[in-house]
1. Looking at Arg72, Arg79, which is the one that is closer than 21 Å to Glu137 by Cβ, surrounded by 18 or more Cβ atoms within 10 Å (Cβ to Cβ) and either basic (Lys, Arg) or in contact (Cβ under 8 Å) with a residue 60 or more places away in the chain (or both)?
2. Which residue is surrounded by the fewest Cβ atoms within 10 Å (Cβ to Cβ), if the candidates are limited to region 26-41 and must be hydroxyl-bearing (Ser, Thr, Tyr) and part of a loop (DSSP other than H, G, I, E, B)?
Amino acid sequence: MRRFIFGMTLLVLAGCSVTPTVFNTPIEGSPEISDVIEDSGEQFAGQKVRWGGEIIAVRNQPEETWVEILQRPLSAAGRPQDKPSQGRFFIKLTGFVEPEDYTEGQSITAVGLLSGFINQKVGEFDYRYPVVDVAKEDHRLWQETSQRRRLQVRPSLYWDWPWFYSPYRHSVGARVIVIKEGDSE
């Protein structure tokens, strides 16, 4: 009987585990974007990075697509967080991507190789963008999380709980509980 319970416990725990992906697994030795931008040489070229942020613009070229991204720190799940940015970068995807699917402000996480830099202006400022070559399957667009509210009515034996010594303590009432729900990604 103990073996059966132990085996069932292992099956339940295995079913609850999260399969690691390239998006929720940090890359050892991966440079920070601020270090790459400040580097004057090509010290980081060819290194694998996992960066994410918010899409600023999408530029489709004849053979490839360039996506400009405002970097944001990543959570443990690999999702960009609403924290201050350390810079901007481009991801380069092979082929065409639909600009309507890659809308401005949408969160994205990408894993790829640093291939070099490109200089462009941000306003009147000359900015040096790191460029990351990314395969189509090595980036993820994140959906916006929505906060929903729902009302839940539960029966209560004590209408005026926690005052247990009430003249109404034997009556049945209802209390309204507001529950906020959001995506747990």
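No lab work stands behind these numbers, since they all come straight from the coordinates. Computed from a predicted model, the values in this text were never measured in an experiment. Neighbour counts are summed over all protein chains in view; Cβ atoms, including those assigned to glycine, are modelled from backbone coordinates with ideal geometry.
1. Being closer than 21 Å to Glu137 by Cβ, surrounded by 18 or more Cβ atoms within 10 Å (Cβ to Cβ) and either basic (Lys, Arg) or in contact (Cβ under 8 Å) with a residue 60 or more places away in the chain (or both) holds for just one of Arg72, Arg79, which is Arg79.
2. Pass one, region 26-41, residues hydroxyl-bearing (Ser, Thr, Tyr): 30, 34, 40.
Restricting the remaining residues to those that are part of a loop (DSSP other than H, G, I, E, B) gives 30, 40.
Numbers: Ser30: 16, Ser40: 6.
Of everything passing the filter in region 26-41, Ser40 is surrounded by the fewest Cβ atoms within 10 Å (Cβ to Cβ).
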